[in-house]
Amino acid sequence: MSPRRTLAILRKEFRHIFRDLRLFFLVTVSPAFLLLLLAHVFVLDVQQIEVAVWDLDRSPLSRRMVAAVTSDGEFQVQAWVASYSELEQLLRAGRVDCGLVIPEGFARQLEAGGPAPVEAVVDGSDPIAAIQAVFSLSQRTTAFALAASGGGKSAPVLIDVRSEAWYNPALKSLVSMVPGLAAIVLSMPALALALALTREKEVGSFESLIATPVRGAEYLLGKLGAYLACGILGVLPVWLVAVLYFRVPFRGDFLLYLALSAVYFLAEMGFSLIIANFVRNQQTAMLLVLTVFFVPSFFIAGLILPVDTRNLLSTLVSYALPTTHFVAISRGVFLKGVGPAPLQTHILLLLAMGVGGLLIGLVLFRKRL
Amino acid sequence: MTARIGNLIWKELLQLARDWLLTTFLFVLPMLQLVLLARATGRGVKEQPVVILDLDRSAVTRELAVRLDNREELVVTRFVEDERALEEELERGEARAGVIFPSGFAGDLSNPTRAAPVRVVVDGSSDAVAGIVQSAVETVFADYTRQRLAEQGIRTDPAIDLRVVTYYNPTYNVRQFTIPAQVGFITYQITLVIASLGLARERELGTLEGLIVTPLSRTEIVLGKAIPAFLIGLVNFLFLVAIARFGFHVPMRGSFLLLLALTVPFLLAEIGWGVIISSVSRTQQQAILFVFMMALADLTFSGYLVPVKNLPLALALVARVVPMYHYLTVIRAVMLKGARPGDLGLHGLALALLAAIILVGAVRRVSRRLD
């Protein structure tokens, strides 16, 4: 293998990327641009729960409870209903998220010291939202019950629970999602590499490369090097968007973050090399990257829901996805400020994927059509 | 005219059938993807690891540890010796939360004049999980307190008894929520891949000129590209819904025909976008990268990551013109909630309108680009 020829391929690739402005943008700047777009979704940390009320009691106390529950704006009364079928229709159409049914005799029972039953009808089709809605609603009704009964006989506090959330004290979604989404947007350079490799075959420029003395390893390493370098270059704008624009705390070491991003790119690009070997055109390569990496990373990489480690199959599937590891690494370095030691499992797995992919790619690569 | 379009469609399908790898991927990959994704999606935030630092080592703290472990959201994985070890577990991601009982906890608990302090530390780096774990831990302590006070004859049940009735998914099974979304995304991805590359590929390989000089009109060329993409998307949708329904027991409470009727404008709108992307890109590589950017934008506004009503106003308005948002609402409402046509009128109308506008835009765009 000659370093000179590898460098020549590297230079050719760089020239390719830098000449085509759109390609340059997509390989280096688009991750930051996409992060900017995606993360805005998490800027507002409010939860709005729309509620339909069926007040069978029609007492001043029941009206006061509705007012108390909705006073801070988290719960908003969308409709007043007078039957279950009306309530169900609103839930079915998605116009409300839950119903609050206050039975007749509510005020009487509450004034007698309770317990006064109140029914919450929740739309369980979004379970996470439903769990949160029930939790918030029960907090509010309990607080109202205490206030209504004079607040005097509040129970003695036996256990003083002091909860603290480390790494993200206010439990802001934005803080936890931006480092996670960085992993997803940084998969663009690997996609570009898979396309660049298949493109040469499809467009026919691969044929003239075969005629040159360039060896397979030199060709692959040159291509990989160029896209890896551009990928690393693209980490900086992503980091700037996260830290300066979204004001996500960065507690770790920037050089470590850069190095670990390179390991992530290597793992993803290892897969790109393998894919490009089997695939003859860009359409197929794109389909593979979309189905194998991109769409799954939203569901099983631990971005929102945790990786299900109780089940062997789901652990294997999630761990085979490089994004899963980089979501953990990115959150670790950004928010926890950790060094490489606590992340070693993820780093080693990514390295294994990268080296394995590279070796398989080199072994399988044939300089012929 | 129909004969000409028929010929073009036939050509497209022949071309596809010759590329057996792509054909296999187009029909096998989506199903495989749904099966793997659905199986890999957990049932929700359950059995999250918790470590305990018990400096009191009393019967009470042991009982509380057992109670924490008994909560379905939590599982006690380790007892650590000091705070540094607890921190390491959180840093490594081996634990989602740590509970620290200081020494003298049991004594304070039986002392009526003071409250027994306990520290609960959660890993905030994953906020949704942290929130659920935190409230699970707090509920354990609250339940324990209530029981202890009841033993002393003090009633502490709240004066309002909130009874929760959950419709549509009473066990809060997260799979029922994610699988319809996965069906939507996978159908989307296949349709867009086919539609977006059709013209860009012909242009890149130089065969587009050949197409233009045939008697085919611009509209016919667009239709010839769009109809195969539509058929492939539709076939995939049918397979995926069947897998969701019979393989993963996601209910189909509403009418399947209604869902099918609303899938048509969704597919048409995505094909329209595909054709537009295809016509603005000079190479397939550009088209593909555009598709990825669009897919990300669509995911953002789909309501899967964050419910659309919780978005800032400007973004919530943008979401209204994203077909994916309407479609995810529709597929969930029909499958899980048994929605009827009247319930989904606005979303159906929006899908039809968006499909019409995007398709007209696509045809006009192509007419200008091809000349």
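Ranked for footprinting exposure by Cβ neighbours inside 10 Å, fewest first, B:Glu204, A:Glu164, B:Glu151 give B:Glu151, A:Glu164, B:Glu204.
Work out the mean other chain Cβ neighbour count within 10 Å for the residues of A:332-343 and drop it here as an integer.
Numbers: counts 4, 0, 1, 4, 8, 1, 5, 1, 0, 3, 8, 3.
For this peptide, the per-residue mean of nearby foreign Cβ atoms is 3.
Listed by Cβ neighbour count within 10 Å, with the fewest neighbours leading, A:Phe254, B:Phe141 appear as A:Phe254, B:Phe141. Along its principal axes, the stretch A:232-369 has C-alpha extents of 50, 37, 27 angstrom, given from the largest down.
Counts of other chain beta carbons within 10 angstrom of each beta carbon in peptide A:169-176 average 4. Phi angles across the stretch A:312-322 convert, under the Karplus curve 6.51 cos²θ - 1.76 cosθ + 1.60 with θ = phi - 60°, into 3J(HN,Hα) values of 4, 4, 5, 5, 4, 4, 5, 6, 6, 8, x Hz, Gly and Pro given as x.
Calculate the all-directions average of the projected area of the stretch B:293-371's alpha-carbon convex hull, and give it in nm².
Values: hull surface 25.5 nm².
Orientation-averaged projected area of the Cα hull: 6.4 nm².
Axis of helix B:345-370 versus longest Cα principal axis of chain B: the two differ by about 40°, to the nearest ten degrees.
Remark: the stretch A:194-207, residue by residue, has Karplus-estimated 3J(HN,Hα) of 4, 5, 4, 5, 6, 4, 4, 5, 6, 7, x, 6, 5, 4 Hz, where x stands for each Gly or Pro and the curve is 6.51 cos²θ - 1.76 cosθ + 1.60 at θ = phi - 60°. Helix B:323-337 and the longest principal axis of the Cα set of chain B meet at an angle near 60°. The residue list A:Pro213, A:Gln132, A:Pro306 was ranked by how far each Cα lies along the charge dipole of the protein assembly as shown toward its positive end, using unit charges on Cβ atoms, and A:Pro213 comes out on top. Protection proxy ranking, highest mean first, for peptides A:212-223, B:259-270: B:259-270, A:212-223, where packing is the per-residue count of other beta-carbon atoms within 10 Å, averaged.
Under the simplified labelling scheme, the B:Val321-A:Arg280 pair shows an inter-label distance of 4.1 nm, with each label point 7 Å from Cα along Cα→Cβ. Projecting the alpha carbon convex hull of the stretch A:208-283 along each direction and taking the average yields 7.0 nm².
Inter-chain neighbour count for B:138-149: the average number of beta-carbon atoms from partner chains within 10 Å of each residue's beta-carbon is 3.
Pair-distance distribution of the protein assembly as shown: all C-alpha pairs, bin width 20 Å, starting at 0; shares per bin in whole percent are 16, 45, 29, 9, 1. Computed packing ranks the peptides B:230-240, A:340-350 as B:230-240, A:340-350, most packed first, by mean other Cβ atoms within 10 Å. Taking each DSSP H run with n ≥ 4 as -39500 (n - 2.57) and averaging over every residue of chain B yields -22000 deg cm²/dmol at 222 nm. Applying Stokes-Einstein at 25 °C and 0.890 mPa s to the Kirkwood radius of chain B, computed over alpha-carbon pairs, gives a translational diffusion coefficient of 100 µm² s⁻¹. Computed over the stretch A:87-151, the alpha-carbon pair-distance distribution with 5 angstrom bins reads 4, 16, 22, 21, 16, 12, 8, 2, each value a whole percent. Using the rule -39500 (n - 2.57) for each DSSP H run of four or more residues, divided by the residues of chain A, the 222 nm mean residue ellipticity is -18500 deg cm²/dmol. Computing FRET efficiency as 1/(1 + (r/R0)^6) for B:Val165 and B:Asp143, where r is the C-beta to C-beta distance and R0 is 30 Å, gives about 0.90.
Can you sort A:Asp160, A:Asp57 from fewest to most other Cβ atoms within 10 Å of each residue's own Cβ? Don't skip to the answer; put the middle values down first.
Values: A:Asp160 13, A:Asp57 20.
Result, fewest neighbours first: A:Asp160, A:Asp57.
Taken together, the values in this text are just the output of simple stated rules run on the coordinates, not laboratory data. Note that the coordinates shown come from a computational prediction; the quantities given were computed from them, not determined experimentally. For neighbour counting, all protein chains shown are included, and Cβ atoms are generated from backbone atoms with ideal geometry for every residue, glycine included.
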